[in-house]
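The structure appears below as structure tokens.
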Amino acid sequence: MRWPGRRAPRSGGATVRREHSYGALCLRSALFSLWFILLSLSSASPLAAQKSTAEGLTLGVHVGSVSVHAGEADRATGGGGGVLLGYGLTRGLTIFARVDGANIELDDSVSAQGTWVVGHVDLGARFHFADPRRSYAPYLEGALTRRIVEVTELPQPNVYGADRIRFSGGVFTLGGGVLIYANASLAFDLGVRVGGGEFTSVTIGETRREGFDLATRSTRLNIGVAWWL
């Protein structure tokens, strides 16, 4: 993944820390969860939808994958997870806050050395399309998102003269998915979110620079569970 800016010097002995084992674990977990969800969808009773709730306090956890595409850089992907806290105002409308993070796997040993982490903080609303005759409820959502990409453990010395770089900015996220109810207060949650916007600030070491302008798109595929408390 090559970010615009100065290029790190080439070092013949430089290597990139890969997070293959972590990413592979998240991928295996996501695939198993997807299989379980599809199995539940095929066998769930329509009565689950009639007795299910989308009102009140909601707690969700998820795993999944994240991809980030910034400017003309190559797309980078990784695995991670997060949590959601929401409140159903009605059966069709939920407001929520969600936090998730992921480690990104890198293949470029020249321009992207270090440990890379991408994080999202969402504040948004979700609209459910529930039907009493179904045990699943599709939904659409929109959110205001704070997105952060941080690089730590940079090789020393480097052209930045620092061991940490952080890019951040606010974006708007759109998404959708489906809730598949196992019982009245427990559902499997399969969703995808796409956020587009710009990184507007960069922090190199302890120095923060505003006015940074880098168009970035991130895509998140999440598989998890949600409880109504």
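The values are calculated or read from the model by the stated rules, or taken from the named source; none is laboratory data. Keep in mind the model is a prediction, meaning the values are calculated, not measured. Note that we place each Cβ from the backbone using ideal geometry, even for glycine, and neighbour counts take in every protein chain shown. Surface areas here come from the heavy atoms of the whole protein model, side chains and all, with no ligands, DNA or RNA. Shrake-Rupley method; radii C 1.70, N 1.55, O 1.52, S 1.80 Å.
The charge dipole of segment 129-202, taken about its Cα centre with unit charges on the Cβ atoms of Lys, Arg (+1), Asp and Glu (-1) only, comes to about 180 debye.
Extension gain for SER185 to ASP163 (0.36 nm times residue separation, less C-alpha to C-alpha distance): 3.3 nm.
Once amide H atoms are built 1.01 Å from N in the peptide plane, which residues 5 or more positions from ALA162, or in another chain, come under 5 Å H to H? Here nothing satisfies the definition. Taken over segment 147-202, the percentage of Cα pairs per 10 Å bin, counting from 0 up to the bin with the maximum distance, is 19, 26, 23, 20, 10, 3. Spacing of the modelled spin labels on TYR87 and THR152, each 7 Å from Cα toward Cβ, amounts to 3.3 nm.
Note on segment 180-229: Kirkwood hydrodynamic radius from all Cα pairs is 14.1 Å, rounded to one decimal. Residues HIS120, HIS62, sorted by accessible area with the largest first, give HIS62, HIS120 [1.4 Å probe; ligands and nucleic acids excluded].
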